[in-house]
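Below is one structure, written out as structure tokens; comments come after it.
The values are calculated or read from the model by the stated rules, or taken from the named source; none is laboratory data. Here the structure is a predicted model, which means the values were calculated and not measured. Positions of Cβ are generated from backbone atoms using ideal geometry, with glycine treated the same way; all protein chains shown enter the neighbour counts.
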Amino acid sequence: MNWFRQPGVAAALPAAIFLLVGFAGPLLMVFGYSFMPEKTFTLDQAPTFENYISVVTDSYYISFTWSITLAILTVFLLFPICYPIAYGMAKLFGRWANLVTALIAVPLLISENIRLFGWVLVLLKNGILDGALQSLFGISVSGMLYTVPAIVLGLVYVYLPFMLFPLVIGISMIPDAVKEAAADLGANRWQVFREVELPLAMPGILIGCILTFVLVLGSLAESKILGGQAIVMIADDVESAFTFAQNWPKGSVLSVLLIVLSGLIVFTLFRRIDLDQVIGRR
Amino acid sequence: MSEGTTPFLELDGITKKFGNFTAVSDIDLSIREGEFFTLVGPSGSGKTTMIRMLVGMERPTSGEMRLRGQVLNGVPANKRPTCMVFQSLALFPHKSVGENIEFAMKIARVDTARRRRRVEELLTQLRLPLDCYDKGVHQCSGGERQRIALARALAFNPEILFFDEPLSALDFRLRKALEKELKDIHRETGKTFVYITHSLEEAMVMSDRIGIMKDGRIVQVGTPNDIYNKPVNEFVAKFMGEVNALEVEAAGEGAVRSKVTGDTYRVGALPAGFTAGFLIIRPEVMKIGKAAAPLPNRIRGVVFNDYALGSRIQYQVRSAANSDHWLVERLQDEAYEGQLGDSVDIGWRPEDSIVLSE
């Protein structure tokens, strides 16, 4: 029992137990339920693959495709939006950077759903935007809410900080002298960016991209609140399977697939780029 | 074209202001082709700002910089035929040693095989092992990294190489070795080197000419010998190291009088029109004990400290008359025979002292 006496083990024990009971346990149960027959609520029945097969036959792959597409789209929209802001915050704004940080972080104190309902009021027919444009210029933009672009707007808006702040950290890790050295050796701005800035900011860029990708993949509120019936995302399917349909095994299968998908993407991306090498520890 | 006939790098009234602060003030300077020129000054003297303007990372507020007659002011760093070795070295941490060195050639679209050949040449020239091409720069030692940074700059084939105190972070022995290597490389490449440092000693070892900076101005430009033997003022004289400096006024032909004690000392020659200024006597020209007895300039004092400086010993002597401190340095084999606390004569020959106008 010597290992138990080590202070590290003892200190880690409460957290370890909590994680086991609250995180690993439920995950294992979800994994178990994914092999149970449809609409059952116990784990002691003969395992079956019927739920996995139904993912394809019942066209769940459509909501998977929507989730992945929107996740990729959000990442590709957020990166160019956030990079200049992050660059400014890391290198240019000086003491104003704190103000920008606060302005971006403060809305996070308000619940995501409330903020999205704010957008509903803006985009609604005869809402803030439509109403204002009608009375000022006589233009109507009534059809904006409950469309895919409205969902994308919500996703970009909600997940912006998750792309921005890792980018700020990534960019602030680049020593100015290294960029100056590249320019001094003949590199123009674009070459400095491609040869020095981008690779050195890569840890931050990767973390920002993976974070937003995974969060959008599991997102639900944006498509429900701003998208209405326009599309169904996979998290939506998981939710209705567990609640409305009372089909735990179906919900479990979709969850397992979602976890495996996120996991695969995260691990392959992190393995492709050696973080230690990028940071320069080796 | 021979050295000195064509103007090479010329600075004309270069001034740099940051807000209300003037970092560099109205500097005129001419640097010759192929020379090793060093700018020396204490921190805050404006030498870093100077070099940053020369490489194109800062723009002068006023004045003109010309390279072979071409105005450099508005030319960005990447379009200048100059290159700098940074104080932090600024190696690319995500690139291998080889990729670091060949960076400039890659930007210039030199083909891979020629790049590789040139890198290997440079590795050999700088006494770096050839197999470090694929190593990460963080696997290399401090001295190797210095050489990589220099190789990277040489690969650019610049007209002028600038150095921003690249050796300041190294330990004493490695620094000494690299100073000499740098001088060898200067001779081998024949390029113009412009070096900045806060150590006049380092400048003395390497430079053909030295410019001494203080408060954004150049105080003196000259060969190491000039700077050592003919400093233009007290600042330059004291910058070289510890000296005995007295405030004096003229006291007739070939003599000065101390403003503090009123004692009169013989000197070699007074500068034209000298009325008041400083008398500088370097510790190593001071004699002590019997050797001081026949000298015209003599002071009686008490030896109260001795410091071993390696090849030399430094004595601190407190004068009996007014207890001011004098420094005397002797070589080990001509050390003072007496004891600490002894009363002793110290002195110097008139021609070994330097008289500086205020």
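Among the residues of segment B:147-154, are any assigned to a loop (DSSP other than H, G, I, E, B) and assigned by TED's automatic domain parsing to the domain that holds B:Gly41?
No, because not a single residue in segment B:147-154 is assigned to a loop (DSSP other than H, G, I, E, B) and assigned by TED's automatic domain parsing to the domain that holds B:Gly41.
Pick from B:Leu170, B:Leu200, B:Leu182: which is modelled with pLDDT under 95, under 16 Å from the mean Cα position of the chain (by Cα) and farther than 28 Å from B:Trp326 by Cβ?
From the options B:Leu170, B:Leu200, B:Leu182, the qualifying one is B:Leu182.
Could you check segment B:121-133 and list, in sequence order, the residues that are over 32 Å from the mean Cα position of the chain (by Cα) and under 13 Å from B:Leu154 (Cα atoms)?
none
Check segment B:134-141 and report whether any residue there is assigned to a helix (DSSP H, G or I) and either under 20 Å from B:Ala177 (Cα atoms) or more than 10 Å from every other protein chain (Cβ to nearest Cβ) (or both).
There is at least one residue in segment B:134-141 that is assigned to a helix (DSSP H, G or I) and either under 20 Å from B:Ala177 (Cα atoms) or more than 10 Å from every other protein chain (Cβ to nearest Cβ) (or both).
Check A:Ile68 against each of (1) of a type in the set (Val, Ile, Thr); (2) modelled with pLDDT of 90 or more; (3) not in a helix (DSSP H, G or I) and name the one condition it does not meet.
With respect to (1) of a type in the set (Val, Ile, Thr); (2) modelled with pLDDT of 90 or more; (3) not in a helix (DSSP H, G or I), A:Ile68 is out only on (3).
Can you name every residue in segment B:331-342 that is surrounded by fewer than 12 Cβ atoms within 10 Å (Cβ to Cβ) and in contact (Cβ under 8 Å) with a residue 12 or more places away in the chain?
B:Leu331, B:Gln332, B:Glu337, B:Gln339, B:Gly341
Where residues in segment A:136-178 are among the aliphatic types (A, V, I, L, M), outside any helix (DSSP H, G or I) and within 14 Å of chain B (Cβ to nearest Cβ), which of them is surrounded by the fewest Cβ atoms within 10 Å (Cβ to Cβ)?
A:Met173
Among (1) more than 13 Å from the chain's Cα centre (by Cα); (2) assigned to a helix (DSSP H, G or I), where does B:Phe162 come up short?
(2)
What residue, among those in segment B:252-278 that are outside any strand (DSSP E or B) and among the hydroxyl-bearing types (Ser, Thr, Tyr), is modelled with the lowest pLDDT?
Checked segment B:252-278; the qualifying residue modelled with the lowest pLDDT is B:Thr261.
Name the pairs: first residue in segment A:35-53 and over 16 Å from A:Ala241 (Cα atoms), second residue modelled with pLDDT of 85 or more, Cβ to Cβ under 6 Å, at least 6 apart or on different chains?
A:Leu43/A:Gly32; A:Gln45/A:Met36; A:Gln45/A:Pro37; A:Pro47/A:Phe35; A:Thr48/A:Pro37
For segment A:201-230, which residues satisfy the criterion of being part of a loop (DSSP other than H, G, I, E, B) and surrounded by fewer than 19 Cβ atoms within 10 Å (Cβ to Cβ)?
Hits for segment A:201-230 are A:Gly218, A:Leu220, A:Gly228, A:Gln229, A:Ala230.
Output the residues belonging to segment A:62-74 that are buried (at least 20 other Cβ atoms within 10 Å of the Cβ) and under 12 Å from the mean Cα position of the chain (by Cα).
Result: A:Ser67, A:Leu70, A:Ala71, A:Thr74.
In segment B:272-282, is there at least one residue being surrounded by fewer than 18 Cβ atoms within 10 Å (Cβ to Cβ) and among the aromatic types (Phe, Trp, Tyr)?
Within segment B:272-282, one or more residues are surrounded by fewer than 18 Cβ atoms within 10 Å (Cβ to Cβ) and among the aromatic types (Phe, Trp, Tyr).
Looking only at segment A:77-107, how many residues end up being surrounded by 13 or more Cβ atoms within 10 Å (Cβ to Cβ) and of a type outside the set (Ser, Thr, Tyr)?
Within segment A:77-107, residues that are surrounded by 13 or more Cβ atoms within 10 Å (Cβ to Cβ) and of a type outside the set (Ser, Thr, Tyr) number 16.
Helices (runs of 4 or more DSSP H) wholly in segment B:13-110 with at least 2 residues that are touching a residue at least 60 places away in the same chain (Cβ under 8 Å) and under 30 Å from B:Ala237 (Cβ atoms) - which ones?
B:47-55
Check segment B:108-117 and report whether any residue there is within 8 Å of chain A (Cβ to nearest Cβ) and modelled with pLDDT of 90 or more.
Within segment B:108-117 (the criterion being within 8 Å of chain A (Cβ to nearest Cβ) and modelled with pLDDT of 90 or more), the answer is yes, since at least one residue qualifies.
May I ask you to say which residue of B:Glu144, B:Glu159, B:Glu181, B:Glu99 is within 14 Å of another protein chain (Cβ to nearest Cβ) and within 30 Å of B:Ser43 (Cα to Cα)?
The conditions single out B:Glu159.
Among residues belonging to segment B:172-197 that are more than 15 Å from B:Arg32 (Cβ to Cβ) and aliphatic (A, V, I, L, M), point out the one that is surrounded by the fewest Cβ atoms within 10 Å (Cβ to Cβ).
Restricting to residues being more than 15 Å from B:Arg32 (Cβ to Cβ) and aliphatic (A, V, I, L, M), the top hit is B:Ala177.
Just to be sure I understand, how many residues within segment B:58-76 are more than 25 Å from the chain's Cα centre (by Cα) and either within 14 Å of chain A (Cβ to nearest Cβ) or farther than 20 Å from B:Pro7 by Cα (or both)?
5
Across segment B:198-221, what is the number of residues that are crowded, with 18+ Cβ neighbours inside 10 Å and either free of Cβ contacts under 8 Å to residues at least 40 places away in the same chain or part of a helix (DSSP H, G or I) (or both)?
Residues flagged as crowded, with 18+ Cβ neighbours inside 10 Å and either free of Cβ contacts under 8 Å to residues at least 40 places away in the same chain or part of a helix (DSSP H, G or I) (or both) within segment B:198-221 amount to 7.
Can you tell me which residue among A:Ala86, A:Ala24, A:Ala46 is of a type in the set (A, V, I, L, M) and within 30 Å of A:Arg194 (Cβ to Cβ)?
A:Ala86
Which residues, counting only those in segment B:222-244, are in a strand (DSSP E or B) and small (Gly, Ala, Ser)?
B:Gly222
Out of everything in segment A:35-61 that is surrounded by 13 or more Cβ atoms within 10 Å (Cβ to Cβ) and hydrophobic (A, V, I, L, M, F, W, C), what residue ends up being farthest from A:Pro149 (Cα to Cα)?
A:Leu43
What's the number of the only condition in (1) in contact with a Lys or Arg (Cβ under 8 Å, 6 or more places away or on another chain); (2) facing another protein chain (nearest Cβ under 9 Å) that B:His94 fails to meet?
(1)
Can you tell me which of B:Ala149, B:Ala169 is at negative phi, within 14 Å of chain A (Cβ to nearest Cβ) and surrounded by 16 or more Cβ atoms within 10 Å (Cβ to Cβ)?
Checking each option against the conditions leaves just B:Ala149.
Of the numbered conditions (1) crowded, with 20+ Cβ neighbours inside 10 Å; (2) assigned to a helix (DSSP H, G or I), B:Val328 satisfies every one except a single condition; which is it?
(2)
Just to be sure before I move on: is A:Leu206 within 30 Å of A:Ile114 (Cα to Cα), in contact (Cβ under 8 Å) with a residue 40 or more places away in the chain and within 14 Å of chain B (Cβ to nearest Cβ) in the structure I sent?
When the stated conditions are applied, A:Leu206 passes them.
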